[in-house]
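Trainee: To start, I am sharing the structure in question, which I have written as structure tokens.
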Amino acid sequence: MTKNIWPEAEGSQDAFQFNHILAVTLGEIYVVAFVAAIKLTVEWIYQKQKAENLKKLQLRTELDFLKSQIQPHFFFNTLNNLYALTLEKSDIAPSVVLRLSDIMQYVLYEVKEPQIALSTEIKYIQNYIDLEEMRHGNNLKIKIKIQGDISGVMLPPLLFLPFIENCFKHGIRGNNKLKIKIGFKIIENKKLIFTTENNFLETETETKHGIGNRNVKRRLELLFQNSFELKSKIKNGNYKVKMILPINQDH
């Protein structure tokens with residue numbers, strides 16, 4: 001004899017029909033809600049990725065624009081120096097042209113990468129300094145100091161040249177000797193301390209000196225957000241700049 005496991009349903013299908021319809025309806029609602037949730041999640045991820053890609057594109061475009069402004073400014077200053085040497089019929093003018101050619105190759109082609117070796121950057125900074133030494137001769141006294149292991153240090157290109165240019169552009173002129181100090185120091189907590197110091201005429205203001213240049217500061221903000229420091233001060237007739245940057249170092 002078979003036992004009836006659902007006696008309540010004897011003689012009527014109402015309970016079966018109601019429970020079945022309810023179960024099917026709830027199941028359909030669950031499936032629709034689940035599919036809708038997946039679709040909304042996928043759409044949200046897509047829109048978020050699209051917004052991030054757009055933000056990165058805008059950031060890269062602005063960075064490229066800011067970097068591109070450095071190049072003509074640098075060449076304009078250097079060509080002015082070369083023009084002055086040619087007017088004087090200087091024997092070092094051909095050497096200046098060759099050195100300038102090397103620097104142009106670097107600025108136009110090699111700095112396209114988002115990061116470059118610090119050792120390479122320093123090499124071309126030295127080329128620029130050599131050009132200025134040719135022009136100033138005995139009226140220039142410059143010292144470069146490198147502390148710590150710079151091998152493997154990678155940084156965005158052309159971060160330091162604007163500050164070094166300012167040392168020459170706004171330093172003492174005339175019969176007074178131009179004195180410049182440049183420092184690169186690697187510290188243990190993965191940071192680079194970059195410093196410049198030059199004597200200058202007291203009539204030069206901080207704004208005119210160029211350290212307040214919005215281009216330079218904006219580029220640093222885009223690259224490093226709040227993880228960099230940039231300070232300047234005037235003390236005893238010297239203009240000092242100190243910049244601290246986080247670094248990537250492959251070891």
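The values are calculated or read from the model by the stated rules, or taken from the named source; none is laboratory data. This structure is a prediction, so every number in the text was calculated from the model and none was measured. Methodologically, a virtual Cβ is constructed for each residue, glycine included, from the backbone with ideal geometry; neighbour enumeration extends over all protein chains shown. SASA here: full protein model, heavy atoms, side chains in, ligands and nucleic acids out. Shrake-Rupley method; radii C 1.70, N 1.55, O 1.52, S 1.80 Å.
Trainee: LYS67 fails exactly one of the following numbered conditions: (1) modelled with pLDDT under 75; (2) exposed (fewer than 15 other Cβ atoms within 10 Å of the Cβ). What is the number of that condition?
Mentor: The one condition LYS67 does not meet is (2).
Trainee: If you don't mind, there's one more thing I want to ask. Kindly indicate which of THR2, THR61, THR25, THR86 is modelled with pLDDT under 60 and either open to solvent by less than 70 Å² (accessible area, probe 1.4 Å) or among the β-branched types (Val, Ile, Thr) (or both).
Mentor: Step by step, each of THR2, THR61, THR25, THR86 is checked, and only THR2 is modelled with pLDDT under 60 and either open to solvent by less than 70 Å² (accessible area, probe 1.4 Å) or among the β-branched types (Val, Ile, Thr) (or both).
Trainee: Can you tell me which residue among LEU118, LEU158 is open to solvent by less than 20 Å² (accessible area, probe 1.4 Å), farther than 16 Å from SER95 by Cα and touching a Lys or Arg at 6+ places or on another chain (Cβ under 8 Å)?
Mentor: When all the criteria are applied, what remains is LEU158.
Trainee: While we're looking at this one, here's another question. Residues that are more than 20 Å from LEU158 (Cα to Cα) and open to solvent by 70 Å² or more (accessible area, probe 1.4 Å): does segment 98-110 have at least one?
Mentor: For segment 98-110, residues more than 20 Å from LEU158 (Cα to Cα) and open to solvent by 70 Å² or more (accessible area, probe 1.4 Å): present.
Trainee: When the residues of segment 205-246 are filtered to those that are assigned to a helix (DSSP H, G or I), open to solvent by 40 Å² or more (accessible area, probe 1.4 Å) and over 21 Å from PHE184 (Cβ atoms), which remaining residue is modelled with the highest pLDDT?
Mentor: GLU221
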